[in-house]
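FYI, it's all coordinate maths here, none of it is from the lab. What you see is a predicted model; the values in this text were computed from it and never measured. Neighbour counts are summed over all protein chains in view; Cβ atoms, including those assigned to glycine, are modelled from backbone coordinates with ideal geometry.
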Amino acid sequence: MRKVLYIFGLLTDGDIEWMAKNGTCQRLSDGEVLIEEGGKSDSLILLLEGELRVSARGYGDVARMGVGEIVGEVSLVDSAPPSATITAHGDGLALFLDKRQLLEKLEHDESFGSRFYRALAVFLWTASVAKIPPLHADDPLKDWIDRGFDLYGGLGRHPGMHNLFGLPKTDVKAA
């Protein structure tokens, strides 16, 4: 849930109001397929209640997603078909945003587009960082990653980065 709240924090009240007004809340049933691997993805989906299962052919279940997760986001930046199947694990509730309508809004409202794509980038970045095992303070990669993050807006000094490097919060400089 923290992820979606952070993302919504990057958007204006008007942006969120547009999403709520133009999105469709749908109840999810256990086993309901939301996105089919290799199929067509027409929606960006925000999970409001419940849990989703992510599976891929040849691998089986590869992940579980909880409240606050966003799925279908990659289709906004990549035209390749979905690389996994997303299925409701138990009953739930999700907000579906029509991809075509969202892309039209992004094209015609540059301010919204700027905020939305920044929020999406932060979401994708935090999702990828969560998959990286913590580095030790003396790991040569830690310094290299710190310098790389500093080049891109000081993310390496972000107080939340202690999780990535396995450091206590006091060892991380405030941004």
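Residue-wise test of (1) aliphatic (A, V, I, L, M); (2) buried (at least 16 other Cβ atoms within 10 Å of the Cβ); (3) touching a helix residue (DSSP H, G or I) at 6+ places or on another chain (Cβ under 6 Å).
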residue	(1), (2), (3)
VAL54	yes, yes, no
VAL62	yes, no, no
MET65	yes, yes, no
ALA84	yes, yes, no
GLY90	no, no, no
GLU104	no, no, no
GLU107	no, no, no
SER111	no, no, no
SER114	no, no, no
Checking GLU73, GLU49 in turn, the sole residue that is acidic (Asp, Glu), touching a helix residue (DSSP H, G or I) at 6+ places or on another chain (Cβ under 8 Å) and either more than 11 Å from ILE86 (Cβ to Cβ) or touching a residue at least 60 places away in the same chain (Cβ under 8 Å) (or both) turns out to be GLU73
Pick out, from the stretch 1-92, the strands (runs of 3 or more DSSP E) lying fully within it that include 3 or more residues that are touching a strand residue (DSSP E or B) at 6+ places or on another chain (Cβ under 6 Å), closer than 19 Å to ALA121 by Cβ and not basic (Lys, Arg). 43-49
Keeping to the stretch 12-45, report how many residues are within 16 Å of LEU106 (Cβ to Cβ), of a type in the set (A, V, I, L, M) and in contact with a Gly (Cβ under 9 Å, 6 or more places away or on another chain). 1
Does SER29 meet the test of being closer than 16 Å to ALA88 by Cβ, of a type in the set (Gly, Ala, Ser) and within 20 Å of the chain's Cα centre (by Cα)? no
